[in-house]
Amino acid sequence: MIAEIKFKNLFSFRDEAVFSFEADKSRDMESYHVVEIAPDVRLLKLAVVYGANASGKSNFVKVCDFIKFFLVRTPTNKGESTGITPFLMNRESYKETSEISISFYIQKGSEQAVKFVYSLLLTKEYIVNEKLIYYPSQQPATVFERSAENGVSTIKFGNKTKLTAAAKEEISLKCLPNMSVFAAYIQVNVNVPEIEDVLSYFYNRMMPAVTPTLALNGYAENRIKEGETKDYILRYLQEADFNISDISSREIDTPARAIQNTFFQHKVRDAEGKENYYEFPEIFESQGTIRTMGLAGCIRETICQDAFLPIDEIESSLHPKLIEYIIERFLRESRQAQMLLTTHYDGLLAEEDLLRKDNVWFTEKNSDGATVLYPLTDFKGLNRISSLQKAYQFGKFGAVPNI
């Protein structure tokens, strides 16, 4: 589970931003919001980020995606960009380094969860510093630390990292200045349990971000053939009141090639009360139906993998009550899974039995174009506010358009 993400000089974030899934001392809705992943370490399963348009909410989601994909990205040559996008709205930041750090816990079976911290310092051209540490006890241990000397990467492995001198040299030779140590490691026939655990975590337990423009129908189509997944998605659609009695995915022949298509069976009653069934391809279904189907598939995988799923603008094509249903169901069904949602739907703030105060975050863009990320819990006197929704609408927490 993710505990904290820190980053600086990245996208619209010029100054250091710190996001945390750590729960505060409140015991409000403890049983389905909070996971005690390690002794005295209480992490939240949900975070909701509010902000005006172009305030940086989507850029925060991009930060999460960058971490996942950079880890295993293998450039074709050392002249390629690292893929980083620094803050571009002044004349200095684009020349400076960007920073990212993520703290997370990995638990295998019944073993106690172990804390890892992965950090990066990089420019568009090369990695300045890269480090992975973990906590086998109260004291941290270094897995590796990588630095740049005269344009060449130098990697130092910790005392607990069991590698031969030849393997260390091979990893170092394969580690181009613009790629991660992980990407070099996977090209070498060695096994370091701590590195394998982190790779598995980012491969399987950090889901790609769901954005408003992402086509989710193909994602769901591939999973409808799985019985349990199909039943899960179908229950989602039925409980969301789409009047759908069945879904199926099958190939349709076209002059060019066979294509995969999803069909939705609708149950209706005629004037005499007789039930009738009609089947339509997905092209006849609403965007809300297709998006709900896709989200259901993503959320099920997230729950099954105890993974992390960022969703940008959760309200896209969805009715507000469906958003509340999705959140409530995720909290009820998940064990150690986590979701990060960005939204404009402030009705969630009015639901007293849905969100905790430490679930809520805001983004606001300053006059210099830089985004600031901050939690609701930074504000004092929250317990004296009768309606968080109205307080937000009236601008008490910022993060609203200046109209």
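Would you check which residues across segment 198-250 are β-branched (Val, Ile, Thr) and in contact with a Phe, Trp or Tyr (Cβ under 7 Å, 6 or more places away or on another chain) and list them?
Val198, Ile244, Ile247
If I filter segment 330-357 down to residues being free of Cβ contacts under 8 Å to residues at least 60 places away in the same chain and among the charged types (D, E, K, R), which single residue comes out as surrounded by the fewest Cβ atoms within 10 Å (Cβ to Cβ)?
This residue is Glu352.
Which number in (1) in contact with a His (Cβ under 8 Å, 6 or more places away or on another chain); (2) loosely packed, with under 14 Cβ neighbours inside 10 Å; (3) in a helix (DSSP H, G or I) marks the one condition that Glu279 misses?
The single condition Glu279 does not satisfy is (3).
Which of (1) in contact with a helix residue (DSSP H, G or I) (Cβ under 6 Å, 6 or more places away or on another chain); (2) buried (at least 17 other Cβ atoms within 10 Å of the Cβ); (3) more than 21 Å from Arg329 (Cβ to Cβ) does Glu221 not meet, given it meets every other one?
(1)
Hey, could you check segment 76-87 for residues that are over 24 Å from the mean Cα position of the chain (by Cα) and surrounded by 13 or more Cβ atoms within 10 Å (Cβ to Cβ) and say which is nearest to Thr123 (Cα to Cα)?
Glu80
Of all the residues that make up segment 214-224, how many are over 21 Å from the mean Cα position of the chain (by Cα) and at pLDDT 75 or above?
1
Residues in segment 216-236: is at least one closer than 29 Å to Asn59 by Cα, in a loop (DSSP other than H, G, I, E, B) and touching a residue at least 40 places away in the same chain (Cβ under 8 Å)?
yes
Could you list, in sequence order, all residues of segment 60-115 that are among the small types (Gly, Ala, Ser), in a loop (DSSP other than H, G, I, E, B) and either within 26 Å of Leu173 (Cβ to Cβ) or at pLDDT 95 or above (or both)?
Gly79, Ser81, Gly83, Ala113
On the given criteria, is Asn191 surrounded by fewer than 13 Cβ atoms within 10 Å (Cβ to Cβ) and either in contact (Cβ under 8 Å) with a residue 60 or more places away in the chain or not in a helix (DSSP H, G or I) (or both)? Before you say what the answer is, go through the steps one by one.
Working: surrounded by fewer than 13 Cβ atoms within 10 Å (Cβ to Cβ): yes; either in contact (Cβ under 8 Å) with a residue 60 or more places away in the chain or not in a helix (DSSP H, G or I) (or both): yes.
Judged against the criteria, Asn191 is a match.
Considering only segment 101-123, I want to know if a residue exists there that is of a type in the set (D, E, K, R) and under 22 Å from Thr74 (Cα atoms).
So far as segment 101-123 goes, no, none of its residues is of a type in the set (D, E, K, R) and under 22 Å from Thr74 (Cα atoms).
Take the residues of segment 375-390 that are assigned to a helix (DSSP H, G or I) and in contact with a helix residue (DSSP H, G or I) (Cβ under 8 Å, 6 or more places away or on another chain): which is farthest from Leu340 (Cα to Cα)? Please lay out each step first, then the result.
Restricting attention to segment 375-390, the residues satisfying the condition of being assigned to a helix (DSSP H, G or I) are 376-378, 382-384, 388-390.
This time we only want the ones that are in contact with a helix residue (DSSP H, G or I) (Cβ under 8 Å, 6 or more places away or on another chain), so: 376-377, 382, 388-389.
Details: Leu376: 15, Thr377: 17, Leu382: 22, Leu388: 20, Gln389: 19 Å.
Ranking the qualifying residues of segment 375-390, first place goes to Leu382.
Is at least one residue of segment 358-365 touching a Pro at 6+ places or on another chain (Cβ under 9 Å) and either among the β-branched types (Val, Ile, Thr) or assigned by TED's automatic domain parsing to the domain that holds Cys298 (or both)?
yes
Would you check which residues across segment 47-75 are hydrophobic (A, V, I, L, M, F, W, C) and exposed (fewer than 15 other Cβ atoms within 10 Å of the Cβ) and list them?
Ala54, Phe69
Enumerate the pairs (first residue in segment 121-133 and within 14 Å of Phe144 (Cα to Cα) and touching a residue at least 12 places away in the same chain (Cβ under 8 Å); second residue anywhere and outside any strand (DSSP E or B) and among the hydrophobic types (A, V, I, L, M, F, W, C)) with beta-carbon separation below 7 Å, excluding pairs fewer than 6 apart on the same chain, so at least 6 apart or on different chains.
Glu130/Val181; Leu132/Val198
The values are calculated or read from the model by the stated rules, or taken from the named source; none is laboratory data. Treat the numbers as computed from the prediction; the structure is a model and nothing was measured. Every residue, glycine as well, gets a Cβ built from its backbone with ideal geometry; the counts of neighbours run over all protein chains shown.
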